[in-house]
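Note sheet for the following structure.
The values are calculated or read from the model by the stated rules, or taken from the named source; none is laboratory data. Not measured: the values here are computed from a predicted model. For neighbour counting, all protein chains shown are included, and Cβ atoms are generated from backbone atoms with ideal geometry for every residue, glycine included. Heads up: the accessible areas ignore ligands, DNA and RNA and are worked out on the full protein's heavy atoms, side chains in. Shrake-Rupley method; radii C 1.70, N 1.55, O 1.52, S 1.80 Å.
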Amino acid sequence: MADTITVTDNRTGKTYELPVTDGTINAMDLRQIKVSGDDFGLMAYDPAYKNTASCRSKITFIDGDEGILRYRGYPIEQLAEESNFLEVSYLILKGELPNQTQMDRFRHEVTHHTLVHENTRELLDGFRYDAHPMGILISTIAALSTFYPEARLVNDAENRWLQIVRLIGKVPTLAAYAFRHRRGLPYVYPDNELSYAGNFLSMMFKMTERTYVPNPAAEKALDVLFILHADHEQNCSATAMRGVGSSKVDPYSALAAACAALYGPLHGGANEAVVKMLAEIGSKDNIPSFVKRAKEDRNVRLMGFGHRVYKNYDPRAKVIKRLADDVFEAVGKNPLIDIAVELERIALEDDYFVEKKLYPNVDFYSGLIYQALGLPMDMYPVLFAIGRTVGWLAQWEEMLVDKDQAISRPRQIYLGESERPYVPMSER
Ligand code: CMC
């Protein structure tokens, strides 16, 4: 069987044979299809990249129909159960699980880059008392580029690695500082004796105690949530990271752009919407009428249900559901969980949701865990960003070393006015 496709242009009657590689045609091969010598050539029209592969990648595999998610080939369920966030970070960035020496070195590198320059505190002081932590995070990540001007040498692999570990180390510090600023609390310096998640909890919640001891269940839950959010292939924010990074700007500026993409309610904001929805439903008795509204009123959606890629149970949602039980046992049950479980049961038996293949996604249960851990809702996208920082950096690195990539610059179909002469103001 030939790995080609034959295209007949009915405008000219000409036939073209285009190679098919990895289930795709190269869009540039369409350019030879012309109606006349001065024709620019055929292009593909694909707003929102719904059917365009923008890169070749070896990082994350998703099969949306089967509900499969793997990082570098390892199933997400196994990583969540057996690994930890820093080990998964190494795997995502380097392609292989680390041996003990590699792991120790990586942990040391990340841990020793958790402090941020003291000037950052003054920068934070400039934000209003009620500034959204995601706005603060985006701005302070961008500001880091001014502290590390050498970061713009993006063609130097050693230099890139230094910025990668710096970002993985510093993003939780900036995130916690954003939270403390909002509360009017003093900033807490990182504690290198604690785990990655434990240190984050310490920077968030430490008060006057000499040493903060994280609740083991909260620490474990946060670590697993970071793993589950670490990468999700070419989503909106990863595409922003690659697109902005393709100009060869420094990684702090590119990561701030990715973070900004995540801030949008269609991307990183749905878990907050789930918690609000469950609170609005209020009791199990109100579920049937809410489900009816979600089916009949196009403006009402069952938040935390449905996904562009998954047409099956989101594998991350399964892990989170189990995790929620452990967290509630340790820190007390979130009363909204009973409504969530019953809502899921009713929706999964309903023809509307079954036919449209609408299943719980990653956001359905994660907000309930964050709430039980005492985290305010506007921190939910910030937590997502901490885990996803690793994925953004891996996607950035892969893009930079890919010989096929160049500055991201799509084409357009121009439908505006054709040439016309300038009209002086007096004649308009
Ligand atoms: N509740 C009720 N109906 C729904 C829902 C829902 N949650 N999701 C989709 N539908 C219906 C929708 O009305 C449409 O019906 P019809 O075919 O009759 O027009 C059909 O299902 C297909 O929906 P769509 O909006 O065309 O699908 P999409 O792939 O563009 O959207 C989605 C995916 C996630 C935006 C959507 O399912 C949704 O809005 N879900 C609720 C919000 C949510 O949970 N978002 C978190 C996504 S996961 C986090 C992340 O990865 O960033």
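Miscellaneous remarks
- All positions within the stretch 348-382 that are assigned to a helix (DSSP H, G or I), open to solvent by 10 Å² or more (accessible area, probe 1.4 Å), aliphatic (A, V, I, L, M) and in contact (Cβ under 8 Å) with a residue 24 or more places away in the chain: 372, 377
- Test result for residue 235, crowded, with 16+ Cβ neighbours inside 10 Å, over 28 Å from residue 160 (Cα atoms), near the ligand (Cβ under 9 Å from one of its atoms) and polar (S, T, N, Q): no
- Flag if residue 338 is open to solvent by 60 Å² or more (accessible area, probe 1.4 Å), assigned to a helix (DSSP H, G or I), more than 13 Å from the ligand (Cβ to nearest atom) and under 20 Å from residue 291 (Cα atoms): yes
Conditions (1) more than 30 Å from residue 27 (Cβ to Cβ); (2) at pLDDT 95 or above; (3) part of a loop (DSSP other than H, G, I, E, B), marked per residue:
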residue: 384; (1), (2), (3): yes, yes, no
residue: 398; (1), (2), (3): no, yes, no
residue: 404; (1), (2), (3): no, yes, yes
residue: 408; (1), (2), (3): no, yes, yes
residue: 411; (1), (2), (3): no, yes, yes
residue: 426; (1), (2), (3): yes, yes, no
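- Any hit, the stretch 76-99, residues being surrounded by 12 or more Cβ atoms within 10 Å (Cβ to Cβ), in contact (Cβ under 8 Å) with a residue 60 or more places away in the chain and not in a helix (DSSP H, G or I): yes
- Per-region count, the stretch 353-379, residues under 20 Å from residue 284 (Cα atoms) and either more than 13 Å from the ligand (Cβ to nearest atom) or of a type in the set (Phe, Trp, Tyr) (or both): 8
- Consider the stretch 266-302 and keep the residues that are assigned to a loop (DSSP other than H, G, I, E, B), open to solvent by less than 60 Å² (accessible area, probe 1.4 Å) and of a type in the set (A, V, I, L, M, F, W, C). The one that is nearest to the ligand (Cβ to nearest atom) is 302.
- Yes/no for residue 333 being under 21 Å from the mean Cα position of the chain (by Cα), open to solvent by 60 Å² or more (accessible area, probe 1.4 Å) and away from the ligand (no atom under 12 Å from the Cβ): no
- Hits in the stretch 110-127 - residues which are in contact (Cβ under 8 Å) with a residue 60 or more places away in the chain, within 26 Å of the chain's Cα centre (by Cα) and open to solvent by 50 Å² or more (accessible area, probe 1.4 Å): 112, 115
- Whether a residue is open to solvent by less than 50 Å² (accessible area, probe 1.4 Å), part of a helix (DSSP H, G or I) and either within 11 Å of the ligand (Cβ to nearest atom) or aromatic (Phe, Trp, Tyr) (or both) was assessed, and residue 262 passes this test.
- Boolean, residue 412 is farther than 19 Å from residue 172 by Cβ and open to solvent by 10 Å² or more (accessible area, probe 1.4 Å): yes
- Of the numbered criteria (1) in contact (Cβ under 8 Å) with a residue 60 or more places away in the chain; (2) in a helix (DSSP H, G or I); (3) within 12 Å of the chain's Cα centre (by Cα), the one residue 242 fails is (3).
- Qualifying residue in the stretch 28-45 (condition: more than 30 Å from residue 168 (Cβ to Cβ), part of a strand (DSSP E or B) and open to solvent by 90 Å² or more (accessible area, probe 1.4 Å)): no
- Applying a threshold of 7 Å to beta carbon distances and a minimum spacing of six or more residues, or different chains, the list of pairs starting in the stretch 210-232 at a residue that is over 10 Å from residue 388 (Cβ atoms) and open to solvent by 50 Å² or more (accessible area, probe 1.4 Å) and ending at one that is in a helix (DSSP H, G or I) and among the hydrophobic types (A, V, I, L, M, F, W, C) reads 215/330; 215/331.
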